[in-house]
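The values are calculated or read from the model by the stated rules, or taken from the named source; none is laboratory data. Owing to the predicted nature of the structure, the values given are computational and were not obtained by experimental measurement. Cβ sites come from the backbone with ideal geometry, for glycine too, and all protein chains shown count toward neighbours.
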Amino acid sequence: MGDDELEDLRQRIRHSAAHVMADVVTNMYPEAKLAIGPPTEDGFYYDFLVKEPFSDDDLKKIERQMKKKIAGNLPFEYSEYSREEILAMNADEPLKLEVIEQIPDEEVISTYSHGSFEDLCAGPHVESTGKIPAFKLLHVAGAYWRGDENRPMLQRIYGTAWESKEALDEYIEKLNEARKRDHRNLGRDLDLYSIHEETGPGLIIWHPKGARVRTLFEEFWKNEHYSRGYDLVYTPNIGRANLWQTSGHLDFFKENMFAPSETDGQDYYLKPMNCPFHIMYYKSDLRSYRQLPMRVGELGTVYRYERGGTLHGMLRVRGLTQDDAHIFCTPEQIGTEIDGVLDLTFDLLGAFGFEDFTVNLSTRPEKAVGSDQQWEIAEKSLKNTLDSRGLKFELEEGGGAFYGPKIDINIRDAIGRLWQCTTVQFDFNLPERFGLSYIGEDGSEHQPFMVHRAIFGSLERFMGILIEHYGGAFPVWLAPVQATVIPISDRHLEYAQSVQDKLLSAGLRVEVNDGNERMNAKIRGAQLQKIPYMLIVGDREIESETVGVRLRSGDDLGSVGLSDIIERIRGESENKVL
């Protein structure tokens, strides 16, 4: 079976499992009202309107009844109805009636049934319930109807279903590993960041250890950009309403912007994006073709209103720092610039251990700004650059933004999950809106091409990805604490502090554990904190001017000279050993 066929089978199995679950829930809880129940990338869910939330015990009971339905091998049967018939059938289902009202008049209205249960559905499904080989209900969560906080809160039951028990077991094992790596738990346990109701949801407070990691990859990011001809800027966190009116944000993005505050009779908005400020920098002087390409970068903090139900630790926030850059160039320079962005992308992400990528190329949608010639040049440049590098990509016809085509790059983490990080986006809209120009070689004014690009996406999200990718065990070059010195007893504390001083002088990040716990407890604590090196000091180490070296993996390297351990840790840091 090919990959496409397998994926199609999985989607049909999951869609069918969702129907079986809805059947069981409405039998067990007659007051439950049905919403929707689609298949997802790894499973399925169904939303129910009920008076009381489902408990874990409820899920176990529902799962048992689902197994009985599946064992009955009831066939899935397709039917079509007139609008009047389907409305009458769902007279007691208010949420289904709302779905039906949104079905276009010319569209066929269909259902699938198994046994006595029949649900509004376009399919497809497996032949019968018995063709659902392996499934499991996972958890329940609240979900607003239509994602609208002003609509009823529904209960969403999540499940997963696969073509075999082996595939299900493999997925459950992956889920368990993902739970161990959950950045929200590790972020708390390793004291990296916190979120507080008092300050507001979706707003991250970076703790000293988290801030140290952030500083390390920020400096790496800055050095790589300076070495590749970028100029870095700092821009304000607020801007007058007329700026966002010109940029189009108040027309197309206002619902994601925080409410304005008035100063001197003018409305000011928190910035949702950095682009208009970089454009203002470009416009601060008359530009010549000799100054292009102009690469302007910023680690700029922006603020976007995300619905409360979508917020998720560091991965979905309201205050985020984008690793933003905008490239202003001539049409002839596009190919070289895109190639340079891809070089930078793979070099930056590769340093963190990401080597498996997927690439998407999105082209002109039906409604778009910019001339045919501009789109042709931009799309051709993106495609040619990907082809010349031998990069396989999925083509998303019509998937670009109205203002330009784009490349999206996804990274695969240590347990195989894909994360969308890098975006390279052309923009014909803003150069026109802001009247950007440069003096060409012919002495005339020309409009530059503008490229938006972010590599990490945002520092908050990238940090969350890194925590999960490493399972909290950052490589030495990123570890907030690279080594902890552990004195065996109080009489060894003075030597431990001298070891710390020497490592600090060598530029290493080190602390002394001078607590009252026994040595083995201190070692265990350092392992739980994912500290790469534990340096044990006692009488023997004082006499020989060495340290006993333990690794967080549990390996014991024995006695090592101070200069040797300094050289080892510095070497791992400077070479970004993973």
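Name the single residue, out of those in segment 425-449 being part of a strand (DSSP E or B) and either modelled with pLDDT under 95 or not aliphatic (A, V, I, L, M) (or both), that is surrounded by the fewest Cβ atoms within 10 Å (Cβ to Cβ).
Of everything passing the filter in segment 425-449, Glu445 is surrounded by the fewest Cβ atoms within 10 Å (Cβ to Cβ).
Which of the residues spanning segment 246-285 are farther than 24 Å from Arg316 by Cα, surrounded by 15 or more Cβ atoms within 10 Å (Cβ to Cβ) and polar (S, T, N, Q)?
Thr246, Ser247
Which members of segment 344-365 meet the condition of being in contact (Cβ under 8 Å) with a residue 12 or more places away in the chain, outside any loop (DSSP other than H, G, I, E, B) and out of contact with any Leu (no Cβ under 6 Å at 6 or more places or on another chain)?
Leu344, Thr345, Asp347, Leu348, Leu349, Ala351, Phe357, Thr358, Asn360, Ser362
Among residues belonging to segment 128-150 that are part of a strand (DSSP E or B) and of a type in the set (Ser, Thr, Tyr), point out the one that is farthest from Glu118 (Cα to Cα).
Step by step, filter segment 128-150, then rank; the result is Tyr144.
What about Gln420, is it touching a residue at least 24 places away in the same chain (Cβ under 8 Å), in a strand (DSSP E or B), under 27 Å from the mean Cα position of the chain (by Cα) and under 19 Å from Met294 (Cβ atoms)?
no
Which of the following residues is in a helix (DSSP H, G or I), assigned by TED's automatic domain parsing to the domain that holds Trp419 and of a type in the set (A, V, I, L, M): Ala378, Ala368?
When all the criteria are applied, what remains is Ala378.
When segment 1-34 is examined, which residues are found to be in contact with a Lys or Arg (Cβ under 8 Å, 6 or more places away or on another chain), hydrophobic (A, V, I, L, M, F, W, C) and part of a helix (DSSP H, G or I)?
Ile13, Val20, Val24, Met28
Within segment 406-414, can one find any residue that is over 16 Å from the mean Cα position of the chain (by Cα), in the same structural domain as Ser458 (by TED's automatic domain parsing) and under 30 Å from Tyr470 (Cα atoms)?
Within segment 406-414, one or more residues are over 16 Å from the mean Cα position of the chain (by Cα), in the same structural domain as Ser458 (by TED's automatic domain parsing) and under 30 Å from Tyr470 (Cα atoms).
For (1) surrounded by 15 or more Cβ atoms within 10 Å (Cβ to Cβ); (2) over 23 Å from Glu574 (Cβ atoms); (3) out of contact with any Ser or Thr (no Cβ under 9 Å at 6 or more places or on another chain), each residue gets a yes or a no:
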| position | (1), (2), (3) |
| --- | --- |
| Ile488 | yes, yes, yes |
| Asp501 | no, no, yes |
| Leu508 | yes, no, no |
| Arg524 | no, yes, yes |
| Gln529 | yes, yes, no |
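Suppose we filter segment 387-402 for residues that are outside any strand (DSSP E or B), under 23 Å from the mean Cα position of the chain (by Cα) and under 22 Å from Phe346 (Cβ atoms); how many remain?
Within segment 387-402, residues that are outside any strand (DSSP E or B), under 23 Å from the mean Cα position of the chain (by Cα) and under 22 Å from Phe346 (Cβ atoms) number 3.
Could you check segment 16-42 and list, in sequence order, the residues that are under 26 Å from the mean Cα position of the chain (by Cα) and either surrounded by 23 or more Cβ atoms within 10 Å (Cβ to Cβ) or not assigned by TED's automatic domain parsing to the domain that holds Ile62 (or both)?
Correct list: Gly37 only.
Only one of Gly43, Gly37, Gly2 is at pLDDT 95 or above and of a type outside the set (D, E, K, R). Can you tell me which?
Being at pLDDT 95 or above and of a type outside the set (D, E, K, R) holds for just one of Gly43, Gly37, Gly2, which is Gly43.
Hey, does segment 400-410 have a residue that's surrounded by fewer than 16 Cβ atoms within 10 Å (Cβ to Cβ), touching a strand residue (DSSP E or B) at 6+ places or on another chain (Cβ under 9 Å) and modelled with pLDDT under 95?
Checking segment 400-410: not a single residue is surrounded by fewer than 16 Cβ atoms within 10 Å (Cβ to Cβ), touching a strand residue (DSSP E or B) at 6+ places or on another chain (Cβ under 9 Å) and modelled with pLDDT under 95.
Is there a residue in segment 272-284 that is farther than 27 Å from Glu445 by Cα and outside any helix (DSSP H, G or I)?
Looking for residues that are farther than 27 Å from Glu445 by Cα and outside any helix (DSSP H, G or I), one finds at least one in segment 272-284, hence yes.
Go through (1) among the aromatic types (Phe, Trp, Tyr); (2) closer than 29 Å to Asp4 by Cα; (3) crowded, with 16+ Cβ neighbours inside 10 Å for Tyr78 and report which single condition fails.
(3)
From Thr363, Thr345, Thr358, which residue is polar (S, T, N, Q) and touching a Gly at 6+ places or on another chain (Cβ under 8 Å)?
Going through Thr363, Thr345, Thr358 in turn, just one is polar (S, T, N, Q) and touching a Gly at 6+ places or on another chain (Cβ under 8 Å): Thr363.
In segment 151-161, what count of residues is obtained for those that are in a loop (DSSP other than H, G, I, E, B) and modelled with pLDDT of 95 or more?
Result for segment 151-161: 0.
Which one of Val341, Val317 is at pLDDT 95 or above, in contact with an Asp or Glu (Cβ under 6 Å, 6 or more places away or on another chain) and among the aliphatic types (A, V, I, L, M)?
Val317
Does Lys165 satisfy the criteria of being within 21 Å of the chain's Cα centre (by Cα), under 30 Å from Met1 (Cα atoms), surrounded by fewer than 16 Cβ atoms within 10 Å (Cβ to Cβ) and not assigned by TED's automatic domain parsing to the domain that holds Met280?
no
Are any of the residues in segment 461-484 surrounded by 21 or more Cβ atoms within 10 Å (Cβ to Cβ) and in a strand (DSSP E or B)?
Among the residues of segment 461-484, at least one is surrounded by 21 or more Cβ atoms within 10 Å (Cβ to Cβ) and in a strand (DSSP E or B), which makes the answer yes.
Scan segment 127-153 residue by residue and report those that are crowded, with 21+ Cβ neighbours inside 10 Å and either more than 30 Å from Tyr81 (Cα to Cα) or hydrophobic (A, V, I, L, M, F, W, C) (or both).
Selection gives Ile132, Phe135, Leu137.
If a residue counts only when it is more than 13 Å from Val476 (Cα to Cα), of a type in the set (Asp, Glu) and at pLDDT 95 or above, which helices (runs of 4 or more DSSP H) contained entirely in segment 516-578 have at least 1 such residues?
Ranges flagged: 539-544, 562-574.
Check Leu243, Leu299 and return the single one that is aliphatic (A, V, I, L, M), part of a helix (DSSP H, G or I) and surrounded by 14 or more Cβ atoms within 10 Å (Cβ to Cβ).
Every option except Leu243 fails the conditions.
Looking at segment 184-199, can you tell me whether even one residue there is of a type in the set (Val, Ile, Thr), assigned by TED's automatic domain parsing to the domain that holds Lys131 and in contact with a strand residue (DSSP E or B) (Cβ under 8 Å, 6 or more places away or on another chain)?
no
Output the residues belonging to segment 328-343 that are outside any helix (DSSP H, G or I) and over 28 Å from the mean Cα position of the chain (by Cα).
If the condition is that a residue be outside any helix (DSSP H, G or I) and over 28 Å from the mean Cα position of the chain (by Cα), then Cys329, Thr330 are the ones that fit.
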